[in-house]
C-alpha cells in the first residue's frame, strides 16, 4: 500500500514518517512540506538519519493523491477543510489529524474555533477516529478524523464511567498536564527552553477547544448533554499527557464495580492498559511509561471522603494522541492487525 | 535575638538557615542534626559555603533551649510532639514546621495520620501560622504551627471565595503539582533522578493528609463543613507548587466581583500577589516565578460554559510553603517588619 | 534459542529484557534477582507491563545454566568473576556486562579496581565485545565482555584516528557527559532528583576506571602506549553519553582525509552513523537522537587555530553502551543479522 | 546615583534591573527597549511584578544620557560601538556588556567577529571589566567592557596557573557546558523546549568567539601567546556555565603548590570561592550552587596518570558572567563595597 504524509515537517508528520517507514505493509511514497521541498527528510527529522533517502515535495494535494492510496494529513487547523472535500472525490482514503473534521455540529466550529465550516456535508461523512469507540465505522470510512491529543486521553478515561451513568455529568473536571511537543515545532517565547523549563504553566485554565470533542463523544455515549470542566497545564517534559479526571458519584460504588465497568468497554482492546497496582512506583498511569508507544494507560481511585472518583489516563500525545491512533486507524481501514507497526516497547528509564 | 534550628540537615532546615543567616535582626546560635553533629553546615548545605563557620550540634532539646530565644523545629512528623510540650515550659518561643500541632481536633490525627496525639492541651495553645488568616493570634503565640506546603497554597487560593459563600463547598477540587524538594532530602526510588525526570506522577490521587488542614481552616472561615477533593502530582521540577482549584459557583458572578472578594481579604498583604494579566507569558501564577521568594501568586478565571471558577496559586514549597512563612511568623511574633529577611527577588529565567 | 538474564532487576537487566522479549529469534527463559524473586517482572520494569507474565527467580548460576543456552550477566562489578569461570565448563555461552572480564592484564584490575582478579586464565579466553573492533573473535567466543558505556563511546570515537597515527597519543582528552541512568537503579543522594536536576557535576574529573579499557583497546590498534586524559560529568538527562574528544594533530590534515580514515574503519558497520552536516540543528552527534537505539553517532571538526581535531560521539548508555551491544554480540555469536531486535527508531522529539 | 539600562528587555537587561532595583545606593531612572517602549517592565520580566512601576522607554542614547550618571548597555554585539564613542563625550560612565569593547586589537574583531571596528581609539580607553585582574584600572575607567560569560569562567579558572608558568600554554583545552539562558531571549528552533530538553549539544566545538578574549587576557598574564582549544556545549539547564579546563603540566606539581598558586592571585577576592573538598556531593564546582549569585567557584584535580591538571570553574552566566560582574564593576568605579547589591544566597536545592 502506498501512503503519503501531507504536512510532514511538523512533529506529528515526523512521527507518522517514523511509524510508516518501519510499517511492514506500507511504502511511503510522498512527504510534503512547502518550506522544506527538495530537502532530505532526515535534515528535519534527525532521528530518521540513515533510514531513508526520501525528500520532501511541495504540498500539492492533486499531485500527492496520484502518488498514494492512503493520505495522512497533518496540517494546522483550518487548512485541510479547504482541499479534503474535493480530494475525496478521487476515491483516496484520508486520515486527517487536524481538527477540521472532528466535530459533527458545524456550529461548534463557530463556537470553539471561531470560523464557519465550509463543508458541513463532509462532516457528516467523516468518522471520529477513536478505535475504542468507533471501530466498525472506521473500517468502512473514507475520511477519518483523528482525535485531538487531550481529547483522546480524556475520552478514553471517561467513556466507561460516563456510559455507566454512575457519575454527575454536569461536574466533570479534567485537569490536563501536557508536554512541550504538544505545542508543535514552531518556536515561540512560550516554548523557549529558558521559559518552559521547570514550569507548571496553566496555559488554558478554561475554554480549551478540545472541550468540544470530549463533550460530543461523551454525550453520545450517555444520550444526554455532558459538560466538561477542562483546564490545561504545560509541564517540563517533551512528550506525554496525563489527564486527572475528578468526577462526583451519583451513588456509592465499589472498586470492583468500577473495574467491571472499565473492563466491559475495553475488553480485548490492544492499546488500553489498566494500571492500578497495590504497590510499586508506577502503580498509577504516568506519561513517562508510554513515551513512543501507542498505549493509553488507565487507572482510578475512589475517594469516599468526598464522594469522588478520580480517573487517570496517560498517553504519548504524538502517538495515541496523534500519529499512533492514525496508524491504528489505517490498520483497521485495511483490515490488518491493529498492532502492526505499533509494537515498540518504551525504554525505561527514559 | 538568638535563634536555633532543630533538625537542620533537611531541606526545610537548610532553607531556614539560609534565611536566618542573612536576617538582620537575628543570630543563629544552634543548628542541630544527630547525623551530622560536629560537621560544618556547608558540607550539607553547599549553598552556604563561605557564609558561616557554624557546625551542627546534637539534637538535644534542653541544650538547644538554653542557646536560643526562638526555636524553629523542622523534624519529621510525629517527632516534635514528644518534646515541645515540656520545652514550652521553659518559656522559649517555638515555630514548628511539622504537622504535629497544626490540627485542632485530636481525632483528626487518628483519622489522617494514624496516631493519637499525646498532648491535646498543647494543640489548644498552638496557633496555625498562616499570617493572612491568623496574624493577630500569631503576634501573641508561644507556639506556632507552620502550615503544610500544599495546605498553604490551597488555603490561600480558596479562603476569600469560600468565605464569600459564592461556591459549592462540597465539591471543591484541588489538583496540586509539586516539585521534588517536597519529598525531602532522603533518597528513595521515587525521587531517583532516572525515575523522577519527565514524570507527571499522580502519587496521591486521594487521601492526602493536607486535606485535614485545608478543611479545618476553610470550614472556620465559612462556618460550615467544607469538603476538599484533593489530588497531588509530582512533576519534573525541584521547587514549587501550583494549585489548580476547580470550584462550582452557586450563582453567576462577574470577574469584577471575584476581584473585589480577593482584594478585600488580602488588602495590604506583603506576600500575596495577584497575577491575572491580559497578556504576557506569565499572565497566570507559575511556580517558576516565585522560586526562592515568599510570594503566593494568585489568579483566577471564570468558566461560564461550566459554571466554574478556576483559582490558581503558586508558591515555593520551601519558602511560603515552609521556611519563608516560618520567618514571616517570627517577624510577626517579634513585631518586626514582616518582610525582614524575605525581600529577595527571584532571578528570571531560572 | 533460550536466553536468560542474570541480575535482571537493574537498568541494564531491564533493557536486556525489553530487547530480548521482542527479539524474533530468542525466548527469555530466566530472569534472576534475589531481591525480587517471585515478583512479576513488570512490577520492577513498568514499561514491560502487558508484555510478559515472567517472574524473577533466585540468582542461582547452576539453576539458570540449565534453563538457557545463552546467559547475559548484568551484576555489579566484582560479582560475575566469582561464578563465570566454573559456569563456562557447562558449555553455556556467556555475555557479561560487568567489568570483570574486560581487561586483559590482571594488574590493571589491581590498579583501577583495587582487587586481584581470581581467574587470569579466563581473562585470556574472554573477548572484548565491541563488534566494530573484534567481530571475528566474537563469532567464536564462549565468553564476551561487553565494553563499559563510556569506554564504548570513547573507543568508537577515537579508534580510526588513533590507528591512523595522525594524532599525539599522549595527550588525548575525553570529556564525557553522562545521563543519570548510568548510575544504576540504586537511589543515593547523588542521584536524588532535587540534587541531580540542572546539574553539570564533574563527578570524576580524573581516575575513572573506564580509562583502562580505552587505553587497552586503543593501544592495541596503534601498537604503542596510548594515554587517555578522561573526565566524566553527570548532566540533567536520563539516557545518553556524549564524548568530546580533544586531540592534537601531529601534522595538518584535511577534513577529507579525516572522513576517509573514519569511513575506512567503519565501512558497512550497521550501527555507526556519521553526523557532520553543513546545516540543521543536529549537525553534530547528540545523545537525544539515539535514545533507545543502538547507534553510535560520530562527527568531528578540525580546529586549525589550535592544531586540534575534535571528535564527538553519542550513544545511549543502556543500548550501545550496554544491552544493545550485548544483543548485537549475541546476534554475531549466533550468526544472525546483527540488527535483529535492534531496529527501533528513536522517536523525536523526546 | 541615577543608573540606566540600555537594551533592558533581554535576559541580561532583566538581570541588571533585578540587581539595580534592590541595590541600596542607586536609583533606576531609565530602562530602554524599542520593542516594549511604554510597556510595564514586569510584563517582560515577570519576576519584577510588584517591585516597580517603571516602564520601558525608547532606546535613544542622547535622551538616556540625560537621565542617568551611569549607563549599563546590554545590546547585541555590533550595536553599542555605534553610539558609545560619541556618548562618552558627555562624561557619562558606561558599562558595556556586549563584545564591542572587549578586544584590544582591532584586527581581532575582523578575525573573530567578521567586522571592522569603527573606533579603535575607544578600544584603547576601554577597560576589560574583570575585577580580579583589572581592579585598579576599573576604578578609574569611564568605559568598562564586561567579559563574555564563558570568557569570565575560563579566564578565572586559568589565570593563576597560566601566570605561574607551570602548564603548556599551547595545549589548553576548555570544554564548556552552558545553560539555555546564554542563548538570549529570542526564540529559535535551537532553544525550542522540545529540541533543547535532555540535550548535550556540541553547538560550537571549534571557533567560538570568546576564544579571542580568553587568549588576550591569559597572554597578558604570562607575556607569551597562549592558544586556547575551546569547545562549547549546550545542556539541559537554564542558568550556569561549567568550564572544565584540561591542561598539561610542564613539570610535576603538588596539590599544595596548586593551592598556593590559586590563593596567591585570589586572596581577598569577595566572589571567588575555592571548592575542593574531601567529601560531600558538591566537592567540586557545580553551576547549580551559584544560580543567582555572583560567585565563581573554582576547584581542581591533579591527574598523575596523564600529567594533567584539570581546573573546574562554575558561574551563573547572567551574574558573574554578565550582570553580576557589571554591578561589581559599578561598585568599584563608585568606590562602594564590592558586594553591595550582590549578597544574595542561592537557595538549595533549586
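The values are calculated or read from the model by the stated rules, or taken from the named source; none is laboratory data. This structure is a prediction, so every number in the text was calculated from the model and none was measured. Note: ideal-geometry Cβ built from the backbone for every residue, glycine included; neighbour counts use all protein chains shown.
If I go through segment B:257-307 residue by residue, how many of them are at positive phi and modelled with pLDDT of 95 or more? Break it down into steps so the answer makes sense when it comes.
So in segment B:257-307, the residues at positive phi come out as B:268, B:280, B:292, B:307.
Subsequent filtering for residues that are modelled with pLDDT of 95 or more retains B:268, B:292, B:307.
Qualifying residue count, segment B:257-307: 3.
Residues in segment B:156-181 that are at the interface with chain C (Cβ under 9 Å from one of its Cβ atoms) and in contact with a helix residue (DSSP H, G or I) (Cβ under 6 Å, 6 or more places away or on another chain): B:180, B:181. Here residue B:183 meets each of (1) more than 16 Å from the chain's Cα centre (by Cα); (2) surrounded by fewer than 24 Cβ atoms within 10 Å (Cβ to Cβ) with one exception, condition (1). With respect to the conditions (1) surrounded by 19 or more Cβ atoms within 10 Å (Cβ to Cβ); (2) assigned by TED's automatic domain parsing to the domain that holds residue D:156, residue D:260 lacks only one, and its number is (1). Look at residue A:283 and say whether it is over 24 Å from residue A:148 (Cα atoms) and out of contact with any strand residue (DSSP E or B) (no Cβ under 9 Å at 6 or more places or on another chain). Judged against the criteria, residue A:283 is not a match. Among the residues of segment D:304-350, the ones that are within 16 Å of residue D:16 (Cβ to Cβ) and in a loop (DSSP other than H, G, I, E, B) come to 8 in all.
Looking at residue C:253, is it within 23 Å of residue D:230 (Cα to Cα) and surrounded by fewer than 24 Cβ atoms within 10 Å (Cβ to Cβ)? Let's see the steps before the verdict.
Numbers: within 23 Å of residue D:230 (Cα to Cα): yes; surrounded by fewer than 24 Cβ atoms within 10 Å (Cβ to Cβ): yes.
Yes, satisfied.
Return the residue satisfying two criteria in turn: it lies in segment D:247-295 and is more than 12 Å from every other protein chain (Cβ to nearest Cβ) and touching a helix residue (DSSP H, G or I) at 6+ places or on another chain (Cβ under 6 Å), and of such residues it is nearest to residue D:179 (Cα to Cα). Checked segment D:247-295; the qualifying residue nearest to residue D:179 (Cα to Cα) is D:262. Being within 14 Å of chain B (Cβ to nearest Cβ) and outside any strand (DSSP E or B) is a description that does not apply to residue D:102. The conditions of being within 26 Å of residue A:102 (Cα to Cα), more than 14 Å from chain C (Cβ to nearest Cβ), out of contact with any helix residue (DSSP H, G or I) (no Cβ under 9 Å at 6 or more places or on another chain) and surrounded by 18 or more Cβ atoms within 10 Å (Cβ to Cβ) are met by residue A:231.
Somewhere in segment A:12-23, is a residue away from chain C (no Cβ under 14 Å), crowded, with 24+ Cβ neighbours inside 10 Å, in contact with a strand residue (DSSP E or B) (Cβ under 7 Å, 6 or more places away or on another chain) and under 30 Å from residue A:112 (Cα atoms)? Looking for residues that are away from chain C (no Cβ under 14 Å), crowded, with 24+ Cβ neighbours inside 10 Å, in contact with a strand residue (DSSP E or B) (Cβ under 7 Å, 6 or more places away or on another chain) and under 30 Å from residue A:112 (Cα atoms), one finds none in segment A:12-23, hence no. Taking the numbered list (1) free of Cβ contacts under 8 Å to residues at least 40 places away in the same chain; (2) surrounded by 23 or more Cβ atoms within 10 Å (Cβ to Cβ); (3) not in a strand (DSSP E or B) in turn, residue B:201 passes all entries but (3). Every condition in (1) in a strand (DSSP E or B); (2) more than 12 Å from chain B (Cβ to nearest Cβ) is met by residue A:213 except one, and the failing one is (1).
Residue-by-condition table, conditions (1) within 15 Å of the chain's Cα centre (by Cα); (2) over 23 Å from residue D:111 (Cβ atoms); (3) assigned to a loop (DSSP other than H, G, I, E, B):
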site: D:161; (1), (2), (3): no, yes, no
site: D:173; (1), (2), (3): no, no, no
site: D:190; (1), (2), (3): no, yes, no
site: D:221; (1), (2), (3): no, no, no
site: D:237; (1), (2), (3): no, yes, yes
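So, residue B:4, is that one touching a strand residue (DSSP E or B) at 6+ places or on another chain (Cβ under 7 Å), within 14 Å of chain D (Cβ to nearest Cβ) and over 27 Å from residue C:199 (Cβ atoms) or not? Against the criterion (touching a strand residue (DSSP E or B) at 6+ places or on another chain (Cβ under 7 Å), within 14 Å of chain D (Cβ to nearest Cβ) and over 27 Å from residue C:199 (Cβ atoms)), residue B:4 does not qualify. Of the candidates A:114, A:165, A:154, the single residue that is assigned by TED's automatic domain parsing to the domain that holds residue A:212 and either free of Cβ contacts under 8 Å to residues at least 12 places away in the same chain or within 15 Å of the chain's Cα centre (by Cα) (or both) is A:154. For first residues located in segment B:186-197 and facing another protein chain (nearest Cβ under 7 Å) and under 16 Å from residue A:284 (Cβ atoms), partners that are modelled with pLDDT of 95 or more and outside any helix (DSSP H, G or I) and lie 6+ apart or on another chain with Cβ distances below 8 Å form the pairs B:189/C:185; B:189/C:187; B:190/B:201; B:190/B:203; B:190/B:234; B:195/A:349; B:196/B:234; B:196/B:236.
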